[in-house]
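Written below as structure tokens is the structure these notes are about.
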Amino acid sequence: MNKLLRSGILVFGLTLGNGFAAIAQQVNASALTASDYACAEKMMAYNTAPLVDYASVRPNWIGNNQFWYRVLTPQGSRFMLVDAVKKTRAAAFNQEKLAASLSSATRKTYQANRLPFQSFSFSDDEKSIIFKADGKQWKCDLATYQCVADNSLVKKASNNESGQQASGNEIISPDGTKAAYIKDYNLWVRNINTKQQTQLTTDGVKDYGYATDNAGWKQSESPVLLWSPDSKKIATFKQDQRKVSDMYLVSTNVGKPTLKAWKYPLPGDSVIAMIERVIINVDQPKVIRLQIPADPHRATLSDDISSGGSFDDVDWNADASQLAFVSTSRDHKDEKVRIANAETGDVREVFEEKVPTQFESGQGAINWRYLAKSNEIIWYSERDNWGHLYLYNASTGKLKNQITKGNWVVTKLLKVDEKKRELYFMADGLEAENPYFSQFCKIGFDGKHFAILTLEAGNHTVTFSPGNNYFVDSYSKPNVPPVMVLRDLNGKLLVDLEKADVSRLVASGWHAPIPITIKAHDGKTDLYGLMFTPSNLDAQKKYPVVDYIYPGPQGGSVGSWSFAASRGDNQALAELGFIVVEIEGTSNPLRSKSFHDMSYGNMSENTLPDQVSGIQQLAQKYPYLDLNKVGIWGHSGGGFATVAAMFRYPDFFKVGIAESGNHDNRNYEDDWGERYDGLAANSDYAAHANETYAKNLKGKLLLAHGLMDDNVPPSNTLLVVDALIKANKDFDLVVFPNSRHGYGEFSNYMTRRRWDYFVKNLLGATPPQQYELKGKMDPRNAGQ
């Protein structure tokens, strides 16, 4: 069986002796016990992940051709070394000898498979490794395996992750010599070697400072900027929030509370945050202001201007003489591509794209590039109903040609080879089994020689080498564990790395979710999802249904389509006697533009027609689904959808649990509603608000919110509470006085309360008293 599992085939039908059978006998009983909850808890990630082996490869590159990685095994972990040129994979070092030597040096006992570190660095001559253990840095000679205390400066291996290097609240320059940071609303740089600090700007003040990071729903103390390739200039902005409205939260504590106030514009506000674009010379401080009016605090990818880890939608040329950037309108309908002269601040208009709904430049990545050498721009557009790449002349702004075509979607542009005029990118919709599975592809600038480089079935993720000559490919499905290989840029297999082994997991009683395909509410469009069933499923019985929902519209209920041993608490909840479903509804990305826009202007639809019709279809195929007992729950946007479901479909959904929902988008950050519902002047926000329909509640509803939620302010839930009280409706409420959006340390408490609520009100049983969920670390990583 192990061999089959390692090859990606799951085997089911095991006889379970771990307690799940006991729950089966109690599905219709009057009480569940702490033992029943403990059996369910076995399906939480902190219990399932330690039972999965050989499941991940995170390459740490040494130069361009070698990398090491740490892989978890049944016994602990092993460090492996891979050579792409030699096509070899072997132990990075002798762990048995190192454990013995380190034990002798520290007078502690270390096991070869449980070494007290997870990362290390090779010495410059690659004859020793350097690591930290027992509170010290050590150096171990790989010939003698003598370990001695060490204080040398260590250069970390590269994992080639995208984005600028950050350290605390500083952004490091490309040459590694300078760190940019904010002090008193102005931008400063620190020479990393000499520690000298230089002030770059002088006129920044509160709410009108440089590089400040505040999107309303998220903020940080780190600057938002992009260093030039030569480390001599910085592209950033001066953000004007002086007349933007404030949001307020109040702490709960003994004595006077603490007031938190910050700038948080709402849909329809006359004033929102604006950014005045600047370029700053670093060596001889000088601020060059771009000669255009201020832009709205908007970007082409998301409702933030630093979602990519730096300053979104700006791109330097090689010698930092020009800066290409995109200005996004407040409603995301108008994109202006511009190029600035970095010396004078003069701005040239290149081209403009307008859309009737909302523009986005990719899925998970900004996909436009400025190619100064050839005077071209790679642009992303959904103008033909699918997300594709286009080639523009950067001088004239004229379209040269469409690069990619077809009924599929480019999601992430990963590499541009200007010399060979080739593009490398991820794409969805190329695999008939599931349009959400991603493949790695390449194509010429002229739209010719398209090739899929990862042909194996499943969802692929790739990681490049520093020189972009190789990539690690991991592929899997929600019900098939991952396989990891090393390939060259043509997709040729070089080295087999790992195949995940879930035999220990299956032996514990786990089984994979069932992939499902249904029709959308229009009766034509295919939808996809997952269904979680009890390990002891009796197809002759009826089971209550719980619909886990996240409606988007920036991403749906399923999330990643790669393998995961646990997806939240879906399987754990199923073990308590439920069928749990995740349906990826319409109006979400990764499909066609028309698919994504189905509910544009009315987010309150929340994919609910798809959820209702989908569950009804599933009940026809799987008669053990009880349509008389359907519950629903979700967090954030899922909380919004849950209350909408309980108020708008009160005869279908009998129990709902809504956590931290944005129930009235007039009370949520400006960019969310204005992007997906349109400007307040053009959309009926009141008709979309949940509290408007509170009088329709028939079932059992539990509301939850953190009172220090600075993403979705708690007034969103309190508006629903107020409306329910006025409508004389019974409901339940959990508040977390000092918690933010995700409840932090109290998340397990919320999970338990959720189980209790469904068990009592949907299953019709009594839950155990105050069961405590106890998360834990994978023992293979403990003490490291």
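The values are calculated or read from the model by the stated rules, or taken from the named source; none is laboratory data. None of these values were measured; they are calculated from a predicted model. Heads up, the Cβs are rebuilt from the backbone with ideal geometry, glycines too, and the neighbour counts pull from every protein chain shown. For accessibility, only protein heavy atoms count, side chains too; no ligands or nucleic acids. Shrake-Rupley method; radii C 1.70, N 1.55, O 1.52, S 1.80 Å.
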Check your understanding: Across region 676-784, how many lysine pairs separated by 8 or more positions, or lying on different chains, have Cα atoms within less than 25 Å?
Key -> 11
**Study point:** Whichever lysines have a C-alpha closer than 17 Å to that of LYS127, once near sequence neighbours (fewer than 8 apart) are set aside
**Key:** LYS97, LYS139, LYS155, LYS156
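Once the Cβ-Cβ distance between SER329 and ASN479 is put in as r, and R0 is 41 Å, what FRET efficiency do you end up with, to the nearest 0.05?
Numbers: r = 43 Å, r/R0 = 1.04.
Between SER329 and ASN479 the formula returns 0.45.
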Study note, to complete from the structure: The simple spin-label model distance between GLN284 and ALA782, using points 7 Å out along Cα→Cβ, in nm, is 6.2 nm
Point to revise | Residue-level accessible surface for LYS139, protein heavy atoms, 1.4 Å, Å² | key: 70 Å²
Revision key, fill the gap. Computed over region 197-354, the distribution of all Cα-Cα distances in 10 Å bins, rounded to whole %, is 10, 38, 33, 13, 5, 1
Check your understanding: Per residue, how much accessible area does region 347-390 have with a 1.4 Å probe, in Å²?
Key -> 35 Å²
Exercise for review: Please find the FRET efficiency linking ARG740 to LEU679, where r is the Cβ-Cβ separation and R0 is fixed at 35 Å, and quote it to the nearest 0.05.
Suggested key: 0.75
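Looking at the chain, what % of its DSSP beta bridges pair antiparallel, to the nearest 5?
85 percent
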Review point. Hey, what's the per residue convex hull volume over the C-alpha atoms of region 323-442, in cubic angstrom?
Key: 113 Å³
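Return the calculated 222 nm mean residue ellipticity for the chain, to the nearest 500 deg cm²/dmol, obtained by summing -39500 (n - 2.57) across DSSP H runs with n ≥ 4 and dividing by the residue count.
Calculated from helices alone, the mean residue ellipticity at 222 nm is -4000 deg cm²/dmol.
Under the 0.36 nm per residue contour assumption, what length would be gained going from the current alpha-carbon distance of LYS760 and THR525 to full extension? Walk me through the numbers on the way to the answer.
On the way: separation 235, 0.36 × 235 = 84.60 nm, distance 3.59 nm.
Stretched out fully, the LYS760 to THR525 stretch lengthens by 81.0 nm.
How large is the Kirkwood hydrodynamic radius of the chain, counting all unique pairs of alpha carbons, in Å?
On the way: mean 1/r = 0.0350 Å⁻¹.
It works out to 28.6 Å.
Can you tell me the length gained on complete extension of the stretch ASP488 to LYS243, counting 0.36 nm per residue apart and subtracting the Cα distance? Display every interim value, and only then the final one.
Values: separation 245, 0.36 × 245 = 88.20 nm, distance 5.35 nm.
Gain on extension, ASP488 to LYS243, equals 82.9 nm.
What number comes out for accessible area per residue over region 516-559 if the probe is 1.4 Å? Units Å², please.
On the way: 1560 Å² over 44 residues.
Heavy-atom SASA per residue in region 516-559 reads 35 Å².
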Revision key, fill the gap. Each label sits 7 Å from Cα toward the beta-carbon; between VAL250 and SER321 the label points are separated, in nm, by 6.0 nm
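For a 32 Å ceiling on Cα separation, which of these pairs sit above it: LYS86/LYS477; LYS178/LYS442; LYS136/LYS206; LYS87/LYS232; LYS132/LYS286; LYS412/LYS524?
Numbers: LYS86/LYS477 30 Å; LYS178/LYS442 36 Å; LYS136/LYS206 43 Å; LYS87/LYS232 40 Å; LYS132/LYS286 43 Å; LYS412/LYS524 28 Å.
Pairs exceeding 32 Å: LYS178/LYS442; LYS136/LYS206; LYS87/LYS232; LYS132/LYS286.
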Check your understanding: Which FRET efficiency value, to the nearest 0.05, do you get for MET80 and ALA687 by plugging their Cβ-Cβ distance into 1/(1 + (r/R0)^6) with R0 = 45 Å?
Key -> 0.20
Review point. If you roll a 1.4 Å probe over region 297-433 with all protein chains in place, what percent of the accessible area is carbon or sulfur?
Key: 45 percent
